[in-house]
Amino acid sequence: INATASALKLAIATGIDLKDTSKALTSVGQQYQLTAKGVDQFVDSLNEVTNKLPTVNAQKLVENIQRVGSSAAEAGISLDKLTALVAVGIEKTGSAAAEVGNAFKSIFAGLQQKDKQGAVKDFLGLEDLSKFNYDEIFDKIRGKVKENNLEIQKLNQSGQKEQAELLAGRQLQFFSKLGGAYQGNRALAILGSSARFESIYDEKTGRIKNAE
């Protein structure tokens with residue numbers, strides 16, 4: 001797929017480098033098997049996200065998505081969901097390099113490894129994962145992180161700091177097992193920004209909010 005036309009559209013809207021962005025868009029298009037129309041819709045999503053998150057550079061966003069695209073596509077993670085996750089990660093960490101993409105790459109790869117399934121079951125409190133696809137399991141993990149973080153906050157507010165630290169430690173340990181100590185912990189920190197993610201991604205439609 002040739003993404004030059006879509007890259008030009010993105011470059012005009014954001015002022016980013018045309019050549020590098022064209023290569024990255026082409027790569028993401030191949031990873032997700034997008035048509036020319038699909039690439040153009042991806043560009044609309046990128047424009048909408050960078051409008052909502054002004055500190056996120058569009059070129060670095062595409063490059064991070066490119067880094068994780070293959071693993072995400074294999075896990076059935078939609079491109080719009082991935083775009084929102086990576087954008088929030090860049091905003092939260094201030095990282096312009098490919099570190100955010102690498103963090104989620106480690107998580108999506110871990111989800112598909114059989115030797116990690118026991119840890120996933122324990123974290124989610126489930127006996128059987130076979131009825132869920134990887135995207136559904138990832139969403140359950142996101143939901144569990146949100147639930148745990150709220151509980152940690154409540155425990156701290158009520159003076160139960162030891163219990164809060166235990167819960168936080170168990171959560172941290174799980175992400176270290178799933179994606180490795182460094183990348184897993186980075187992904188956990190990003191997933192903690194659930195409100196930010198929900199502000200730009202529509203769970204019902206599976207699209208970036210207000211994207212064409």
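The values are calculated or read from the model by the stated rules, or taken from the named source; none is laboratory data. Model, not experiment: these values are computed from the prediction. Using ideal geometry, Cβ is built from the backbone for each residue, glycine included, and neighbour counts are taken over all protein chains shown. Remember, those area values only see protein heavy atoms, side chains included, never the ligands or the DNA or RNA. Shrake-Rupley method; radii C 1.70, N 1.55, O 1.52, S 1.80 Å.
Things to note:
- On the stretch given as region 18-51, residues that are open to solvent by 10 Å² or more (accessible area, probe 1.4 Å) and part of a helix (DSSP H, G or I) total 19.
- Note on region 117-130: among residues that are acidic (Asp, Glu) and open to solvent by 80 Å² or more (accessible area, probe 1.4 Å), the one that is nearest to GLY184 (Cα to Cα) is ASP122.
- Residue match in region 99-116 (condition: farther than 30 Å from VAL39 by Cα, open to solvent by less than 50 Å² (accessible area, probe 1.4 Å) and either modelled with pLDDT of 95 or more or in contact with an Asp or Glu (Cβ under 8 Å, 6 or more places away or on another chain) (or both)): yes
- Residue list for region 65-78, restricted to those being surrounded by fewer than 24 Cβ atoms within 10 Å (Cβ to Cβ), part of a helix (DSSP H, G or I) and not hydroxyl-bearing (Ser, Thr, Tyr): GLN66, ARG67, ALA73, GLU74
- Within region 85-111, the set of residues being free of Cβ contacts under 8 Å to residues at least 40 places away in the same chain and of a type in the set (S, T, N, Q) comprises just one member, SER95.
- Within region 79-98, considering residues that are more than 9 Å from the chain's Cα centre (by Cα) and of a type in the set (Ser, Thr, Tyr), the one least open to solvent (accessible area, probe 1.4 Å): SER95
- Test result for ILE12, modelled with pLDDT under 90, surrounded by fewer than 22 Cβ atoms within 10 Å (Cβ to Cβ), of a type outside the set (Lys, Arg) and not in a helix (DSSP H, G or I): no
- Segments classed as helices (runs of 4 or more DSSP H), wholly inside region 131-212, with at least 2 members that are open to solvent by less than 80 Å² (accessible area, probe 1.4 Å) and more than 28 Å from LEU46 (Cβ to Cβ): 134-157, 161-179
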